[in-house]
Ligand code: KG4
Ligand code: ZN
């Protein structure tokens, strides 16, 4: 089944073409340069850039995949969660294409897409042997979710963000440290040269025996520390920035690991699956690798860096599984607050 998928949920315009779950093209046009000077994503700028880019990105994907639009059998698009006016652009384009070529449409949850990045197959046939039930940790710039996946499309939510999402906390702390936007990866890089034992921050919700995630307290603690250290016009040294980054990252990741470990103690699962932009974080991967070894379950994460970040291939792969179940949607609207497993 030839699938063309579009994702315009935030600040990347992406179009992918897959044959079933095999990625033939995954084109991403980043808007980072446009939003950088504002220190974060400006919705109206994102919308305009999506509108300007979408047709040329579709053409690029078609050229790369060597599959003409007339051979696409299913069109897919991200319905939510994301920025309302940005989502709109992709949805309008997918509806237009489905209408012109008289083909069905699949509406995909962006976070489900991040999960399905794990089910993508490369052209060379590389894929992950995922079995159910699986414990799924989704960590992005807007969301944190811990789920049990019982089968394709069947989720049970264990926990979610109570305030800031993990990636959002990385970005906000990076900003406090003057590391720029988007800051998560830059902070992780700075942390490599830091001593994570210098500053001791409490692990969020350590005493709360559930699966929810909270980062606002940790973020506020870093803010107080930075304020203290920069009082009387003192500037942070590179070493200060590295040490604060490392100390923050250690606790931020530890919070996730505590939640996953608790779930592994309670639920019998065959593996742990990671998805979302923060899945690129090496400390998170390393700690999850060790934890899953301890509990003798397999650990999966999207092996290609491009599949960790926002991209349309993950939407196409999720759409393939939905199309096989006949889950088509002709009439749907953007859903900026769309949840998964609720
Ligand atoms: O999934 P994603 O590309 O977009 C959303 O759906 O939000 O995730 C982006 C988030 C950003 O907050 C970014 O700072 C974070 O992922 N991120 C990282 C790393 N690379 C990206 N956070 C921690 N460590 C990283 N290496
Ligand atoms: Zn995302």
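The values are calculated or read from the model by the stated rules, or taken from the named source; none is laboratory data. Note that the coordinates shown come from a computational prediction; the quantities given were computed from them, not determined experimentally. Here the Cβ is made from the backbone with ideal geometry for all residues, glycine too, and neighbour counts use every protein chain on show.
Points worth noting:
- Of the residues contained in region 180-189, none is found to be more than 9 Å from ligand 1 (Cβ to nearest atom) and on the phi < 0 side of the Ramachandran plot.
- Residues of region 183-197 that are within 20 Å of residue 35 (Cβ to Cβ) and assigned to a loop (DSSP other than H, G, I, E, B): 183 alone.
- Going through (1) in contact with a strand residue (DSSP E or B) (Cβ under 9 Å, 6 or more places away or on another chain); (2) at negative phi; (3) more than 16 Å from ligand 1 (Cβ to nearest atom) one by one, residue 44 falls short only on (1).
- Within region 158-174, the set of residues being over 17 Å from the mean Cα position of the chain (by Cα) and more than 15 Å from ligand 1 (Cβ to nearest atom) comprises 158, 162.
- If the condition is being touching a strand residue (DSSP E or B) at 6+ places or on another chain (Cβ under 9 Å), in a loop (DSSP other than H, G, I, E, B) and within 13 Å of ligand 2 (Cβ to nearest atom), then region 1-24 contributes 8, 9, 11.
- Residue in region 84-101 that is surrounded by the fewest Cβ atoms within 10 Å (Cβ to Cβ), counting only those that are over 30 Å from residue 168 (Cα atoms) and in contact with a strand residue (DSSP E or B) (Cβ under 7 Å, 6 or more places away or on another chain): 95
- Among residues of region 263-277 that are touching a residue at least 40 places away in the same chain (Cβ under 8 Å) and on the phi > 0 side of the Ramachandran plot, those with a beta-carbon under 6 Å from a residue that is in a strand (DSSP E or B) and within 16 Å of ligand 1 (Cβ to nearest atom) at least six positions away or on a different chain give the pairs 276/138; 276/139.
- Taken together, 123, 150 contain a single residue that is at pLDDT 95 or above and surrounded by fewer than 16 Cβ atoms within 10 Å (Cβ to Cβ), which is 150.
- One residue stands out in region 268-284 among those that are farther than 11 Å from residue 167 by Cα and touching a strand residue (DSSP E or B) at 6+ places or on another chain (Cβ under 7 Å): the one that is farthest from ligand 1 (Cβ to nearest atom), namely 270.
- The one condition in (1) surrounded by 23 or more Cβ atoms within 10 Å (Cβ to Cβ); (2) more than 15 Å from ligand 2 (Cβ to nearest atom); (3) assigned to a helix (DSSP H, G or I) that residue 243 fails to fulfil: (1)
- Taken together, 252, 221 contain a single residue that is closer than 23 Å to residue 208 by Cβ and over 20 Å from the mean Cα position of the chain (by Cα), which is 221.
- Condition check for residue 259 on (1) more than 15 Å from ligand 1 (Cβ to nearest atom); (2) within 22 Å of the chain's Cα centre (by Cα); (3) outside any helix (DSSP H, G or I): one failure, at (3).
- One residue alone among 104, 81 is closer than 29 Å to residue 31 by Cα, modelled with pLDDT of 95 or more and either touching a strand residue (DSSP E or B) at 6+ places or on another chain (Cβ under 8 Å) or surrounded by 24 or more Cβ atoms within 10 Å (Cβ to Cβ) (or both), and that residue is 81.
- Of all residues in region 143-152, those satisfying the criterion of being within 13 Å of residue 275 (Cβ to Cβ) and in a strand (DSSP E or B) are 144, 145, 146, 147, 149.
- Pick from region 304-329, criterion within 16 Å of ligand 1 (Cβ to nearest atom) and not in a helix (DSSP H, G or I), ranking: nearest to residue 94 (Cα to Cα): 312
- Residue check, residue 130 surrounded by fewer than 22 Cβ atoms within 10 Å (Cβ to Cβ) and closer than 23 Å to residue 164 by Cα: no
- Subset tally (residues that are away from ligand 2 (no atom under 16 Å from the Cβ) and farther than 22 Å from residue 335 by Cα) for region 120-148: 16
- Selection from region 153-181 of residues that are surrounded by 15 or more Cβ atoms within 10 Å (Cβ to Cβ) and part of a strand (DSSP E or B): 155, 157, 158, 159, 160, 161
- The set of residues from region 1-39 being modelled with pLDDT under 95 and either within 22 Å of residue 101 (Cα to Cα) or loosely packed, with under 15 Cβ neighbours inside 10 Å (or both) comprises 32, 33, 36, 37, 38, 39.
- Restricting attention to region 122-142, the residues that are more than 20 Å from residue 272 (Cβ to Cβ) and more than 16 Å from ligand 1 (Cβ to nearest atom) add up to 4.
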